[in-house]
1. Is it the case that some residue within segment B:44-58 is under 20 Å from residue A:167 (Cα atoms), within 11 Å of chain A (Cβ to nearest Cβ) and hydroxyl-bearing (Ser, Thr, Tyr)?
2. Any residue at all in segment A:26-35 that's at pLDDT 95 or above, surrounded by 19 or more Cβ atoms within 10 Å (Cβ to Cβ), on the phi < 0 side of the Ramachandran plot and more than 28 Å from the chain's Cα centre (by Cα)?
3. Residue A:203 is checked against (1) crowded, with 19+ Cβ neighbours inside 10 Å; (2) at pLDDT below 95; (3) within 14 Å of chain B (Cβ to nearest Cβ) and fails just one. What number does that condition carry?
4. Taking segment B:42-60, which residues are crowded, with 17+ Cβ neighbours inside 10 Å, among the aliphatic types (A, V, I, L, M) and more than 15 Å from residue B:2 (Cα to Cα)?
5. Determine if segment B:13-31 includes at least one residue that is part of a loop (DSSP other than H, G, I, E, B), free of Cβ contacts under 8 Å to residues at least 12 places away in the same chain, surrounded by 12 or more Cβ atoms within 10 Å (Cβ to Cβ) and within 13 Å of chain A (Cβ to nearest Cβ).
6. Go through segment A:209-233 and give me each residue that's in contact with a helix residue (DSSP H, G or I) (Cβ under 7 Å, 6 or more places away or on another chain), under 21 Å from residue B:30 (Cβ atoms) and either within 14 Å of chain B (Cβ to nearest Cβ) or in a loop (DSSP other than H, G, I, E, B) (or both).
7. For segment A:89-101, what are the residues that are at pLDDT below 95 and buried (at least 22 other Cβ atoms within 10 Å of the Cβ)?
8. Mind checking which strands (runs of 3 or more DSSP E) fall wholly inside segment A:95-189 and carry at least 2 residues that are over 30 Å from residue B:43 (Cβ atoms) and in contact (Cβ under 8 Å) with a residue 12 or more places away in the chain?
Amino acid sequence: MSEHELDSAALGKVGMMRQKQPDMYVMRLKAVAGDLTADQLACVAVVARKYGRGFVHLSTRQGIEIHYVHKDNLETARFELQEAGIEMGACGPRVRVIVACPGDDSCRWGNIDTKKIARELDARYFKLEAPSKFKLAVTGCSHNCTKANENDIGIRGAIEPKWDALDCNDCGLCVSLCPLHSISRAESDEGFSYEIDWESCINCSICTSLCPSGSWEVGRIGYTLFIGGTMGKIPRLASVLKQLVETEEELYLLIEKAFGYYCANGRKKERFGHMIDRIGLDTMKEAILGTE
Amino acid sequence: MRVKAAVAGLEGDELLEILVDEGEGVLRVAQTLKDSRHRIVKVENRGHGVSLIVGKCKEG
């Protein structure tokens, strides 16, 4: 491949970035939800040895990068990775690889099937062009391991707890456990009860997971949807678009509307969150939720 | 581990008071007690800590 054939923007589209060293490139691999098989990892090791310098770099977004690949070897290396079912990631102004925590598959706190959602989002959005880079993350609970509120779109598993008086032995553990002190004990003529301050509750599932008598149950389960988070030069924590989205169908509809609005109204190189600050969160919410 | 060992030694109607830090401390102990299916009788805040009165494992 000759130098004039190498177009940085085109290579970025397929996850290859020019290094500062002449003729050297980074190959960014796609690992949806951070998952690769052992066989795929073995292939990555072979390619890194053959075409790189025998090491890989683990990115902050669950990806693997092979550094120091000479421009003449990019296509061959890519082909060998593809043979093992490994696709390339993305760079530039488009949707990046979807990040997710293990979710309810193996985490005791996980409220949702994060990997399933990540795969669905990958199928719908990966590599779609946008005004700027566009990152999505799925996290199973309020521990927020994949930092949903630092992404352009963040999805966090959420539950709405419900107290059942029947089995409660009034131990009061829930009051001490709640990280936001949203649970309080009340007395009335009918006896004691435990109440939630919904304004401060973060839908985290600690009360429902750890109540010894099982008196705190999951009332509703769903997703908290964040929009407009970003790190980088001008960091911005995401805003909550909807506290509890109850169905996957609604979740994907809201994401579609949000992404569509950004593509239609975002300025070139303007991150989603900065567009929201420019036009106003209320306007944005009205545009997305107003026609629900 | 100390909590696990201490509650394992409970017999009959014996109760054990465990004093832990609030926040992560009470969270970890609550998880241990839930896993070992012990009975929490009463929980009270004590300054920056929490007192848990714990009884023997639930039957079954």
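1. no
2. Within segment A:26-35 (the criterion being at pLDDT 95 or above, surrounded by 19 or more Cβ atoms within 10 Å (Cβ to Cβ), on the phi < 0 side of the Ramachandran plot and more than 28 Å from the chain's Cα centre (by Cα)), the answer is no, since none of the residues qualifies.
3. (3)
4. B:43, B:50
5. Yes, some residue in segment B:13-31 is part of a loop (DSSP other than H, G, I, E, B), free of Cβ contacts under 8 Å to residues at least 12 places away in the same chain, surrounded by 12 or more Cβ atoms within 10 Å (Cβ to Cβ) and within 13 Å of chain A (Cβ to nearest Cβ).
6. A:210, A:211, A:212, A:213, A:214, A:215, A:216
7. A:90
8. Working: elements: A:136-139, A:153-163, A:183-188.
Per the criteria, A:136-139, A:153-163.
The values are calculated or read from the model by the stated rules, or taken from the named source; none is laboratory data. As the structure is a prediction and not an experimental result, all values here were calculated from the model. Note that each Cβ is placed from the backbone with ideal geometry, even for glycine, and that neighbours are counted across all protein chains shown.
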